[in-house]
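Heads up: the structure comes next, in structure tokens.
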Amino acid sequence: MDDKRYLLSLIREGEHQQQDFKYRVSDACKLAKSVSAFANTDGGRLLIGVRDDGHLSGVRSEEEIFMMHQAAYKFCKPEPSIKFDTFHVDGRTIVIATVPPSDKRPVCAQDDEGRMRAYIRIADENIVASPVHLALWRESQKPQGSVITYNDDIKKLLSVMEGRQTLNQIVRLSKLPRHKVVTYLARLIRFGTAQWEYTDQQFLFFLT
């Protein structure tokens, strides 16, 4: 398959969980956000030089290519794995940045205010990871693994989890310290006792 047919086949898929279009690279921080989201979720690819409607606009300058590398290697910590492939179609240069899932989550990206934040990819959006996601990643990095003890705090937490609730709702109802609720929820999710979903721009947690 030639370059043009290959690119058009990708563009026909549209933006989704593992694909994002970037018309131009004018802000390395915004690009870093997408890199972080892909690395922290299922991996994915950025088609750079492609408009939201799928039109091939092309990468315009060496400066944009430099900013792509900055986004990956300067504005993301820890440094993610990323592969750049360049395609030349109809006199335009299109770059595909492929980001595999990271085994060192969370991969954080620097935002416009200089803060390092972790993102996840949900459908075609990059969302700031919740404190529970951060705790879940911390738990998964522990070489000795993690355990969950059925103590009074866990009993209290389980007793208030009815239906789908936000983290703040669970903290308020359980009357447990926020950091404990975050840790317990992460462990419950890891052991398959609880799940999360993203609805109406908020994370909801519920028992399985």
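Only residues that are open to solvent by 20 Å² or more (accessible area, probe 1.4 Å), part of a loop (DSSP other than H, G, I, E, B) and not acidic (Asp, Glu): list them for the stretch 149-171, please. Thr149, Tyr150, Asn151, Gly163, Arg164, Thr166, listed by residue number.
With the condition kept exactly as written, say whether any residue in the stretch 108-129 is in contact with a Leu (Cβ under 6 Å, 6 or more places away or on another chain) and not polar (S, T, N, Q). Looking for residues that are in contact with a Leu (Cβ under 6 Å, 6 or more places away or on another chain) and not polar (S, T, N, Q), one finds none in the stretch 108-129, hence no. When Arg105 is tested against (1) in contact (Cβ under 8 Å) with a residue 60 or more places away in the chain; (2) under 15 Å from Asp3 (Cα atoms), only condition (2) is not met.
Looking at Val35, Val25 in this structure, which one is farther than 19 Å from Arg115 by Cα, outside any strand (DSSP E or B), open to solvent by less than 80 Å² (accessible area, probe 1.4 Å) and of a type outside the set (Phe, Trp, Tyr)?
Val25
Scanning the stretch 102-119 for residues that are over 17 Å from Arg138 (Cβ atoms) and open to solvent by 90 Å² or more (accessible area, probe 1.4 Å) returns Asp112, Glu113, Arg115.
Thr98 meets the conditions (1) surrounded by fewer than 19 Cβ atoms within 10 Å (Cβ to Cβ); (2) more than 30 Å from Leu56 (Cα to Cα); (3) hydroxyl-bearing (Ser, Thr, Tyr) in every case but one. The failed one is (2).
Checking the stated criteria, Phe38 turns out to be among the hydrophobic types (A, V, I, L, M, F, W, C) and under 28 Å from Thr199 (Cα atoms). Whenever a residue of the stretch 128-142 is in contact (Cβ under 8 Å) with a residue 60 or more places away in the chain and closer than 23 Å to Ala32 by Cα, its partners that are open to solvent by less than 50 Å² (accessible area, probe 1.4 Å) and in a helix (DSSP H, G or I), lying with C-beta atoms within less than 6 angstrom and at least six residues away or across chains, give the pairs Val132/Val182; Val132/Leu185; Val132/Ala186.
Please enumerate the residues belonging to the stretch 1-22 that are part of a helix (DSSP H, G or I) and out of contact with any strand residue (DSSP E or B) (no Cβ under 9 Å at 6 or more places or on another chain). Hits for the stretch 1-22 are Arg5, Ser9, Arg12. Here Arg60 passes the criteria (1) assigned to a helix (DSSP H, G or I); (2) within 16 Å of Arg92 (Cα to Cα); (3) open to solvent by 10 Å² or more (accessible area, probe 1.4 Å) except the one numbered (1). Only a single criterion out of (1) in a loop (DSSP other than H, G, I, E, B); (2) open to solvent by 20 Å² or more (accessible area, probe 1.4 Å) is not satisfied by Gly54, namely (2).
Quick test of your reading of the structure: Gln144 fulfils all but one of (1) in a helix (DSSP H, G or I); (2) modelled with pLDDT under 90; (3) not acidic (Asp, Glu). Name the failing condition by number. Just one mismatch for Gln144, condition (1).
When the stretch 172-205 is filtered for residues that are free of Cβ contacts under 8 Å to residues at least 40 places away in the same chain, among the small types (Gly, Ala, Ser) and part of a helix (DSSP H, G or I), only Ser174 remains. Would you mind stating whether Ser102 is at negative phi, of a type in the set (S, T, N, Q) and in a loop (DSSP other than H, G, I, E, B)? Yes.
If you go through the stretch 72-86 and keep only what is open to solvent by less than 30 Å² (accessible area, probe 1.4 Å) and in a strand (DSSP E or B), you end up with just Cys76.
The values are calculated or read from the model by the stated rules, or taken from the named source; none is laboratory data. What you see is a predicted model; the values in this text were computed from it and never measured. A quick note on method: Cβ atoms are made from the backbone with ideal geometry, for glycine too, and the neighbour counts reach across all protein chains shown. In case anyone asks, the SASA skips ligands and DNA or RNA and just uses the protein heavy atoms, side chains included. Shrake-Rupley method; radii C 1.70, N 1.55, O 1.52, S 1.80 Å.
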